[in-house]
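The values are calculated or read from the model by the stated rules, or taken from the named source; none is laboratory data. Because the structure is a prediction, the values reported are computed rather than measured. Cβ placement follows ideal geometry from the backbone for every residue including glycine, while neighbour counts extend to all protein chains displayed. Quick note on the areas: whole protein, heavy atoms, side chains included, nothing else; ligands and nucleic acids left out. Shrake-Rupley method; radii C 1.70, N 1.55, O 1.52, S 1.80 Å.
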Amino acid sequence: MSPEINLEEQFQARIDAGEKIEPKDWMPEKYRKTHIRQISQHAHSEIVGMLPEGNWITRAPSLRRKVGLLAKVQDEAGHGLYLYSAAETLGISRDQMFDQLHKGKAKYSSIFNYPTLSWADIGAIGWLVDGAAIINQVMLTRTSFGPYARAMVRICKEESFHQRQGYEIMLGLAKGTLEQKEMAQDALNRFWWPSLMMFGPRDAESPNTEQSVKWKIKRKTNDELRQQFIDITVPQAEYLGLTIPDPDLKWNEERGHYDFGEIDWNEFWQVVKGNGPCNKERLGARVNAWEEGAWVRDAAMAYSAKNKTQNSKVSKTA
Amino acid sequence: MNKNEWPIFEIFIRSKNGLEHRHVGSLHAADAVMAMENARDVYTRRQEGVSIWVVASKDITASNPENGGELFEPAEDKIYRHPTFYELPIELKHI
Ligand SMILES: [Fe+2]
Ligand SMILES: [Fe+2]
Ligand SMILES: [Fe+2]
């Protein structure tokens, strides 16, 4: 038996025993690579996700709504930071990750390639998009890689308010004038299916799932998480008096779950491949922010270098 | 001050994989290698840890308690950062 196989078996045994893997532990190269990809893409999703919501901060309808949204978007920047730091423990640098994002080599969640056309979209995003993210992230608090799991614990603590502020917006609109209710319904119509797509392709089309479950990167499959989200969300939509845009949606007594209609997978893959309504705009905004911010980063480093040389001069003369 | 006084190191211990390193105390050592050996002897004699970080104390910049106001007071009135600020009906589940 080669020592490599032995290591892999030992590694799997540790995972099976529910142990956490820490950055300096031996790990299969594929485990490392998979995590770098997954954590960095999760980080990218957090910061690209600031863009559609940031779009409405200056136009929030009241101060209450404005401070809530501002605080939420601020949290998302923090989530990006926690996750980039977790990925850095695996030996990739921050700049490398940004480079992959900016060159279109790294993905981020497709949901953020949809536009936010009305204020109600901010409600729908908090309720549905953060709601879907919470389901995924709660699962990830138990993931096998320590730094990722710990970042998730922090993030989940903060997410609850995101979803509640979103639902409160939806509630206000749904109980408002006819026009406001129509806005809320329209936002639900546009965000429902993309939210279901957030859980990724069906299990049958998701070749990495088996390995991810074995390594306890994922503790539930895409289809299981999607079903969980639907079961939780349908009663919340009913409470709002809104209609989920799926004629096939109905409670299945036997299964104890909601049955639902077919997702438009063609649309899903189109958006993943870069042809969604806002892919270019989102990436353009990120690249622009990076390039326009270059002089600030450089100036800060120059200032730090200058202080260092001055301090060493002082300590030499002292 | 004695120029040959050993510098102080802050010691962080991870009690088990999955948990973060936590500050447990400090010790003097001539360099980081010695700090590591001493930390092993001082802080993990009863299997308190599976991983140690030693950090030279001079490399830690600590906030000044006198600045507590300007640092931490601004968060006091930002109640909208908490889930309970948002008024949702109690009959609503999973939110
Ligand atoms: Fe998010
Ligand atoms: Fe987030
Ligand atoms: Fe969020």
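The combined condition, being at pLDDT 95 or above and either surrounded by 12 or more Cβ atoms within 10 Å (Cβ to Cβ) or of a type in the set (Gly, Ala, Ser) (or both), is fulfilled by A:Thr243.
Does B:Pro74 count as assigned to a helix (DSSP H, G or I) and either touching an Asp or Glu at 6+ places or on another chain (Cβ under 6 Å) or within 14 Å of chain A (Cβ to nearest Cβ) (or both)? Taking the combined requirement at face value, the residue satisfies it.
In region A:128-140, of all residues being within 11 Å of chain B (Cβ to nearest Cβ) and in contact with a Lys or Arg (Cβ under 9 Å, 6 or more places away or on another chain), the one that is nearest to ligand 1 (Cβ to nearest atom) corresponds to A:Asp130. Checking A:Ile232, A:Ile217, A:Ile169, A:Ile244 one by one, the residue that is more than 16 Å from ligand 3 (Cβ to nearest atom) and farther than 23 Å from A:Ala149 by Cβ is A:Ile244 and no other. Run down A:Ala120, A:Ala149, A:Ala106 and say which single residue is within 20 Å of A:Ser85 (Cα to Cα), more than 16 Å from ligand 1 (Cβ to nearest atom), open to solvent by less than 20 Å² (accessible area, probe 1.4 Å) and not in a loop (DSSP other than H, G, I, E, B). The conditions single out A:Ala149. The set of residues in region B:11-35 that are surrounded by 14 or more Cβ atoms within 10 Å (Cβ to Cβ) and within 30 Å of A:Thr143 (Cα to Cα) comprises B:Ile11, B:Phe12, B:Ile13, B:Arg14, B:Ser15, B:Lys16, B:Asn17, B:Gly18, B:Leu19, B:His21, B:Val24.
Conditions (1) in contact with a Cys (Cβ under 7 Å, 6 or more places away or on another chain); (2) under 30 Å from A:Gly172 (Cα atoms); (3) away from ligand 2 (no atom under 16 Å from the Cβ), marked per residue:
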site	(1), (2), (3)
A:Glu22	no, no, yes
A:Lys33	no, no, yes
A:Ile36	no, no, yes
A:His42	no, no, no
A:Met50	no, yes, no
A:Ala60	no, yes, yes
A:Arg64	no, yes, yes
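Within region A:86-109, take every residue that is without any contact (Cβ under 8 Å) to a residue 60 or more places away in the chain and in contact with a helix residue (DSSP H, G or I) (Cβ under 6 Å, 6 or more places away or on another chain) and give me the one that is nearest to A:Pro23 (Cα to Cα). Out of the qualifying residues, it is A:Ala87.
Step by step: first the residues of region A:249-273, then only those that are among the charged types (D, E, K, R) and in a helix (DSSP H, G or I), then the one that is most open to solvent (accessible area, probe 1.4 Å). Which residue is that?
So, considering only residues that are among the charged types (D, E, K, R) and in a helix (DSSP H, G or I), the one most open to solvent (accessible area, probe 1.4 Å) is A:Lys273.
State all residues of region A:197-222 that are part of a helix (DSSP H, G or I) and under 30 Å from A:Glu168 (Cβ atoms); if no residue qualifies, say none. Matches in region A:197-222: A:Met197, A:Asn222. Filter region A:52-70 down to residues that are touching a residue at least 60 places away in the same chain (Cβ under 8 Å), assigned to a helix (DSSP H, G or I) and open to solvent by less than 50 Å² (accessible area, probe 1.4 Å), then give me how many there are. So the count comes out to 5. Would you confirm, using the coordinates I've provided, whether B:Glu87 is assigned to a loop (DSSP other than H, G, I, E, B) and open to solvent by less than 80 Å² (accessible area, probe 1.4 Å)? Here the answer is no, as B:Glu87 does not meet what is asked.
Taking each residue of region A:20-46 that is open to solvent by 10 Å² or more (accessible area, probe 1.4 Å) and looking for partners that are more than 16 Å from ligand 3 (Cβ to nearest atom) and of a type in the set (D, E, K, R) with beta-carbon atoms closer than 7 Å, six or more apart or interchain, yields A:Gln41/A:Lys107. Restricting attention to region A:152-165 and to residues that are within 21 Å of A:Thr34 (Cα to Cα) and open to solvent by less than 40 Å² (accessible area, probe 1.4 Å), the residue that is nearest to ligand 2 (Cβ to nearest atom) turns out to be A:Ile155. For region A:237-248, give me each residue that is free of Cβ contacts under 8 Å to residues at least 40 places away in the same chain and in a loop (DSSP other than H, G, I, E, B). Of everything in region A:237-248, those that are free of Cβ contacts under 8 Å to residues at least 40 places away in the same chain and in a loop (DSSP other than H, G, I, E, B) turn out to be A:Pro247, A:Asp248.
A:Val73 meets each of the listed conditions (1) hydrophobic (A, V, I, L, M, F, W, C); (2) under 18 Å from A:Gly166 (Cα atoms); (3) open to solvent by less than 10 Å² (accessible area, probe 1.4 Å) apart from (3). Taking the criterion of being assigned to a loop (DSSP other than H, G, I, E, B) and more than 20 Å from A:Asn136 (Cβ to Cβ), the residues of region A:12-49 that qualify are A:Ala17, A:Gly18, A:Glu19, A:Glu22, A:Pro23, A:Lys24, A:Asp25, A:Trp26, A:Met27, A:Pro28.
Answer yes or no as to whether A:Leu171 is at the interface with chain B (Cβ under 10 Å from one of its Cβ atoms), within 16 Å of A:Leu242 (Cβ to Cβ), open to solvent by 20 Å² or more (accessible area, probe 1.4 Å) and out of contact with any Cys (no Cβ under 9 Å at 6 or more places or on another chain). Answer is yes for this residue. The lone criterion from (1) within 27 Å of A:Asp16 (Cβ to Cβ); (2) within 14 Å of chain B (Cβ to nearest Cβ); (3) open to solvent by less than 20 Å² (accessible area, probe 1.4 Å); (4) in a helix (DSSP H, G or I) left unmet by A:Leu83 is number (2).
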